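Colleague: To start, I am sharing the structure in question, which I have written as structure tokens.
The values are calculated or read from the model by the stated rules, or taken from the named source; none is laboratory data. Computed from a predicted model, the values in this text were never measured in an experiment. Heads up, the Cβs are rebuilt from the backbone with ideal geometry, glycines too, and the neighbour counts pull from every protein chain shown. When the accessible area is computed, the model is the full protein with side chains, heavy atoms only, and any ligands, DNA or RNA have been set aside. Shrake-Rupley method; radii C 1.70, N 1.55, O 1.52, S 1.80 Å.
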Amino acid sequence: MEDSVLKLGKYKFNSRLFVGTGKYQTLDIMKEALDASGAEVVTVAIRRANIGGKSGESLFDHIDKEKYTILPNTAGCYSADETVRTALLAREMGISDMIKLEVLGDEKTLLPDPIETLKATEILVKEGFTVLVYTSDDPIVAKKLEDAGATSVMPAGAPIGSGQGILNQNNIRIILESLSVPVIVDAGVGTASDVSIAMELGCKGVLLNTGIAIAKDPVKMARAMKLACESGRLAYLSGRMPKKLYAKASSPLKDF
């Protein structure tokens, strides 16, 4: 299978690694890590970007808009109405009409609210947004989001910021089999092997933040995530050998 660019509505990307901008110790470390990741898409929480803040300085001032496509997200929203307002604000500011939709249902677990998420997806699709929607790894919910017009469905590998990796590979596989839109794993990634697993399953990309930002060396980890995304995608395209219960000799059993 030949690889191709990742298409998300009218947008096209070569890199399949999407990275966030939160939790870094300094903005300089953030900028170095973004560069090392090779990412083309950088996601920013609209509610936490200090837009119009008293200091006059915003997180957007520290991101090279010529180099990166900014993906605004609705992190911190707990209802469809709040989420839609945040998305409309991002578009009115000229940031993007591509939005990472996130509607949480609980402050402790940070799990998505499936009902409010579906409602917000339907509204934003009608408003003309390219909607990349964060959800649980429930295949039924994922299918309903695709039917609602989501450009990409983004199931969590594990709870947000937990670093537990891909906890339910079977559900991710079912989602991949059931959907025709790009599936991008979002949340829970802790290290490079987690990225490889997601890509080897056939996911079109991985979105992560904490795994890089709070690593002991964020810049090195960013590069590791980049290489893992590329190697996982290559392994998927290569087609792995089937798993077998019993051993099978690598060399011929008889002489030539």
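Colleague: How far, in nm, would the chain grow between residue 126 and residue 178 when pulled straight, counting 0.36 nm per residue and subtracting the alpha carbon separation?
Modeller: Value of the extension gain: 16.4 nm.
Colleague: Per-residue counts of other Cβ atoms within 10 Å, averaged by peptide: what ranking do you get for 172-182, 191-201, highest first?
Modeller: Ranked from most to least packed, the peptides come out as 191-201, 172-182.
Colleague: May I pose another question? For a quick check of your reading of the filter: which trypsin sites (Lys or Arg not before Pro) in segment 105-156 sit in a DSSP loop and have no more than 12 other Cβ atoms within 10 Å?
Modeller: Those satisfying the criteria are 108.
Colleague: Using the alpha-carbon centroid of each, what span in Å lies between segment 84-122 and segment 191-207?
Modeller: Result: 24 Å between the Cα centres.
Colleague: Just the number, please: carbon plus sulfur as a percent of the accessible area of the chain, 1.4 Å probe, no ligands or DNA/RNA counted.
Modeller: In the chain, the share of accessible area belonging to carbon and sulfur is 51 percent.
Colleague: Just to be sure I understand: with springs between alpha-carbon atoms less than 10 Å apart, which residue in 33, 235, 80 has the highest mean-square fluctuation in the Gaussian network model of the chain?
Modeller: Looking only at 33, 235, 80, the biggest GNM fluctuation is shown by 235.
Colleague: What number, rounded to the nearest 500 deg cm²/dmol, is the helix-based mean residue ellipticity at 222 nm of the chain, given -39500 (n - 2.57) per DSSP H run of at least four residues and division by all its residues?
Modeller: After summing the helix terms and dividing by residue count, I get -11000 deg cm²/dmol.
Colleague: Ok, one more. Can you work out the accessible area per residue across segment 91-209, with the rest of the protein chains kept in place, probe 1.4 Å, in square angstrom?
Modeller: Roughly 40 Å² per residue, with all protein chains present.
Colleague: Here's another thing I want to ask about it. Checking the a/c ratio against 1.5 first, then a/b against b/c, what shape does the Cα gyration tensor give for segment 32-125?
Modeller: prolate
Colleague: Now for a separate question. May I ask you to compute the full-extension gain from residue 251 to residue 3, defined as 0.36 nm times their residue separation minus their alpha-carbon distance, rounded to one decimal in nm?
Modeller: Contour length minus Cα-Cα distance gives 86.1 nm.
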